[in-house]
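The values are calculated or read from the model by the stated rules, or taken from the named source; none is laboratory data. These numbers come from a predicted model, not from an experiment. Ideal geometry is used to build each Cβ from the backbone, glycine not excepted, and the neighbour counts take in all protein chains shown.
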Amino acid sequence: MKWMNSCFKLVFLLCFCGVCHVLCAGTRVVELSDRFLELRGDSTWLIMFYAPWCGHCRKLEPTWGHIAQALYGTQIRVGRVDATRFTAFAAEFEVRGFPTIIFLRGSERAVYQGDRTTADIVGFARRMLGPPLPHVTELPNLPFMPTATTGREKEEGGIFVYAGPKDGELWSVYSWLADEHRYYHYFYTMDEEHLDKLVGRPLTYPAVVVHKDGSNSLYPGPEGEGVNASLSRWVLHERFPHFMRFTGSSLAQVFKGSKNIAMVVVGESKTGLLTTDETAEHYVDGYKFRDMLQTIAREDRNKYHQHFQFGWTGTPHLANNLVMTRLPLPSLVVINTTTLVCYVPPEPSHDLNHDLTRLFLDAVLEGTAEGRGGDSYAHRVQRAVLGAAWSLQEMWQGNPVLTTLLFGLPMGFLSLILYSVCCGDIMDAPMDEDDEGEGVEEYERRLARDMDHEKKD
Ligand SMILES: *[C@@H]1O[C@H](CO)[C@@H](O)[C@H](O)[C@H]1NC(C)=O
Ligand SMILES: *[C@@H]1O[C@H](CO)[C@@H](O)[C@H](O)[C@H]1NC(C)=O
């Protein structure tokens, strides 16, 4: 620790201008300090607030280097700041969790809330840098478009385009939506002739088109509702690829729409390989299982598109928590996002084929499939208890000593207190444990915070 301190001092001496250009481990990330607040001016920054003890921050570190590399040469500079050292900095930006990623330009600030991948974060920074609604003549090549799957085909989220006069209701709702969803998605305007060319036929204007997975669909119009309600719903539905990857944050976004979620649940190794239950009597290949649902999503698009958002997750506990049971891997689950009722096919995964899966999806639509779970008060309590029990179990499997310490120590103190209350005279000798107690408390607080963060993911 001492050498680190002197190292920091040296660095401070070296950077007289306050913003120190420490190229961390050969990357282009700039290490920032409190002085940044006075000196930043109108420059544009993407800043990560981290804490040295935060595991998620360490995990983000290599990604952050890639992001700095990808944004090199743009106006966006990429920095990071140790929020535990430079508390004024963190307080100024109301940082509450770690890591927090903030886009900053003059007085404009935007907190990033999506998945922590290079593509997603770079896409976010680039969108924030540009005007809210860029005018283009053809769809730009978007190398940092978040892509959904590593399966046979790359599927991409929706890019929205408006063409027509810049007044009237459709325009005002479109520009409002673009502003609302700009953190996550791309919105453009085009001249009518260019949009005609993109779609391959003359359209009636004003028109809104979504481009995704290599094809274009036209916003069908209000159809009896107000333009605001119908265009908002259409954008919510169309912004994701037909077959997407569900993560904590993308799932939260999908829940804002009103489609059912149909997802394949598999495990994912650290290197991104799909895993399933190895020891199961009937082993099922995760890739094949996922391909099956993806094929159905594509082939029966006209039938199911209105009702299902298809995809997969490599984070089983997201699904387990909704279904309130530990699902075998792989599994197929359908979730009604309004009622939180979940549906699981009656057949085990190794018996599922394309036809049975279609029958299952139809049964959900017809209301004949048997659901479980829901959004009642009892279900929420049950979910919370199960979630806590599973985290405890995972912690125990990960680190039994720490778990014992974390839960054993407070229990120990509690029994001591109870004991001293009941049998006061035995505990006459004053106990000098202030220092130790504080240390443990601090440690626990930290762990709790860290775990909280983990849960949010
Ligand atoms: C659309 O409706 C939302 C609320 O549902 C409202 O906040 C928003 O201002 C409306 N937008 C326009 C352009 O009318
Ligand atoms: C979700 O369930 C409700 C109540 O059963 C139903 O009205 C609604 O249509 C379902 N949602 C979808 C997308 O099927």
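Per the conditions (1) touching a strand residue (DSSP E or B) at 6+ places or on another chain (Cβ under 7 Å); (2) at pLDDT 90 or above, the sole criterion not satisfied by Pro202 is (1).
With respect to Pro345, determine if the residue is assigned to a loop (DSSP other than H, G, I, E, B), away from ligand 2 (no atom under 16 Å from the Cβ) and touching a residue at least 24 places away in the same chain (Cβ under 8 Å). Criteria not met by Pro345. Using the structure shown, decide if Val235 is among the aliphatic types (A, V, I, L, M), surrounded by 15 or more Cβ atoms within 10 Å (Cβ to Cβ) and more than 16 Å from ligand 1 (Cβ to nearest atom). So Val235 fails the test. Restricting attention to segment 351-383, the residues that are closer than 20 Å to Pro330 by Cβ and part of a loop (DSSP other than H, G, I, E, B) total 4.
Screening segment 159-172 for residues that are within 14 Å of ligand 1 (Cβ to nearest atom) and crowded, with 20+ Cβ neighbours inside 10 Å and picking the one that is nearest to Ala207 (Cα to Cα) gives Tyr162.
Here is a check on your reading of the model: is Ser230 modelled with pLDDT under 85 and under 24 Å from Gly157 (Cβ atoms)? For Ser230, the condition - modelled with pLDDT under 85 and under 24 Å from Gly157 (Cβ atoms) - is not met. Would you call Val333 without any contact (Cβ under 8 Å) to a residue 60 or more places away in the chain and either away from ligand 2 (no atom under 12 Å from the Cβ) or surrounded by fewer than 19 Cβ atoms within 10 Å (Cβ to Cβ) (or both)? So Val333 fails the test. Within segment 181-204, the set of residues being within 17 Å of Trp234 (Cβ to Cβ) and exposed (fewer than 14 other Cβ atoms within 10 Å of the Cβ) comprises Thr204 only. Here segment 201-232 is the region considered, the condition is being part of a loop (DSSP other than H, G, I, E, B) and among the small types (Gly, Ala, Ser), and the residue that is nearest to ligand 1 (Cβ to nearest atom) is Gly226. When Asp277 is tested against (1) within 23 Å of the chain's Cα centre (by Cα); (2) assigned to a loop (DSSP other than H, G, I, E, B); (3) away from ligand 2 (no atom under 16 Å from the Cβ), exactly one condition is not met: (1). Looking at this structure, is Pro328 more than 27 Å from the chain's Cα centre (by Cα), closer than 20 Å to Thr313 by Cα and either modelled with pLDDT of 90 or more or within 12 Å of ligand 2 (Cβ to nearest atom) (or both)? It is false that Pro328 is more than 27 Å from the chain's Cα centre (by Cα), closer than 20 Å to Thr313 by Cα and either modelled with pLDDT of 90 or more or within 12 Å of ligand 2 (Cβ to nearest atom) (or both).
With the structure loaded, tell me whether Thr295 is of a type in the set (Val, Ile, Thr) and farther than 30 Å from Tyr219 by Cα or whether it fails that test. When the stated conditions are applied, Thr295 does not pass them.
In the condition set (1) within 20 Å of Val323 (Cβ to Cβ); (2) free of Cβ contacts under 8 Å to residues at least 12 places away in the same chain; (3) polar (S, T, N, Q), Ser269 is compliant with all but (1).
Considering Val323, Val341, Val265, Val333, the condition of being away from ligand 1 (no atom under 16 Å from the Cβ), over 30 Å from Gly221 (Cβ atoms) and touching a Ser or Thr at 6+ places or on another chain (Cβ under 6 Å) is satisfied by Val265 alone. Taking the numbered list (1) free of Cβ contacts under 8 Å to residues at least 24 places away in the same chain; (2) under 16 Å from the mean Cα position of the chain (by Cα) in turn, Gln253 passes all entries but (1). Number of residues in segment 94-106 that are buried (at least 20 other Cβ atoms within 10 Å of the Cβ) and farther than 21 Å from Gln253 by Cβ: the value is 3.
Residue-by-condition table, conditions (1) part of a loop (DSSP other than H, G, I, E, B); (2) more than 16 Å from ligand 2 (Cβ to nearest atom):
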{"residue": "Leu251", "(1), (2)": "no, no"}
{"residue": "Lys256", "(1), (2)": "yes, no"}
{"residue": "Val264", "(1), (2)": "no, yes"}
{"residue": "Tyr283", "(1), (2)": "yes, yes"}
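Being closer than 27 Å to Val254 by Cα, outside the structural domain of Tyr183 (by TED's automatic domain parsing) and without any contact (Cβ under 8 Å) to a residue 24 or more places away in the chain holds for only one residue in Arg109, Arg116, and it is Arg109.
Among the residues making up segment 301-319, those that are part of a loop (DSSP other than H, G, I, E, B) and free of Cβ contacts under 8 Å to residues at least 60 places away in the same chain are Gln306, His307. Inspect segment 235-245 for any residue being away from ligand 2 (no atom under 16 Å from the Cβ), of a type in the set (A, V, I, L, M) and assigned to a helix (DSSP H, G or I) and give the result as yes or no. Within segment 235-245, one or more residues are away from ligand 2 (no atom under 16 Å from the Cβ), of a type in the set (A, V, I, L, M) and assigned to a helix (DSSP H, G or I).
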